[in-house]
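Comments concern the structure below.
The values are calculated or read from the model by the stated rules, or taken from the named source; none is laboratory data. Keep in mind the model is a prediction, meaning the values are calculated, not measured. Heads up, the Cβs are rebuilt from the backbone with ideal geometry, glycines too, and the neighbour counts pull from every protein chain shown.
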Amino acid sequence: MKKALLVILIPFLVSCGASSLKNAEKPLFEVLTQQADGGASIRFFEILTEPNEIKMLENDESLKHKINPNDIQNSNFIVLNMGEKPSGGYQIGIESVTETDKNIIVTIKETVPKTDNMNSQSFTNPFCVVKINSKKEIVIK
């Protein structure tokens, strides 16, 4: 009797677990790193779509474990550099990402420190690296 019950329950339990894993979708974007310092000294946004460009990210110690071989074929990446800033408190990141039939629209958010806040007086270079889980054309706003 117990064996018959197990034979009936096991396929049911296994099929329920497998279907929930298959239905899990990746988010449209993932922020891989967002740093207050360490970026370039000039302001620029770069979209990486080609495998050789994306491979360069794997040379970075903090990013190489966040990128897998499937990402190179199925995702695009964006590097956002705010440029050199005169103090701490600046930040660059993503405000929103929207997918249309033709492209992915990425809206950038730049944060500047309030004048009444005490921030570090050293120069900083804020940057952000974002993975877009799509190979559609990217439009940055």
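Values computed for the structure shown
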read-out: Meets criteria (closer than 16 Å to K141 by Cβ, touching a Gly at 6+ places or on another chain (Cβ under 6 Å) and modelled with pLDDT of 95 or more) for K109; value: yes
read-out: Strands (runs of 3 or more DSSP E) wholly inside the range 75-141 that include at least 1 residues being among the aromatic types (F, W, Y) and within 23 Å of N59 (Cβ to Cβ); value: 76-82, 127-132
read-out: First in the range 27-47 and under 22 Å from G89 (Cα atoms), second anywhere and of a type in the set (D, E, K, R), Cβ under 7 Å, 6 or more apart; value: L32/K66; L32/K131; S41/E84
read-out: Residue check for E30: loosely packed, with under 15 Cβ neighbours inside 10 Å and either part of a loop (DSSP other than H, G, I, E, B) or at pLDDT 95 or above (or both); value: no
read-out: Output for the range 38-59, where each listed residue is surrounded by 15 or more Cβ atoms within 10 Å (Cβ to Cβ), of a type in the set (D, E, K, R) and in a loop (DSSP other than H, G, I, E, B); value: E58
read-out: The range 80-101 - residue that is under 16 Å from the mean Cα position of the chain (by Cα) and either more than 18 Å from L48 (Cβ to Cβ) or among the basic types (K, R) (or both) and, of those, surrounded by the fewest Cβ atoms within 10 Å (Cβ to Cβ); value: E95
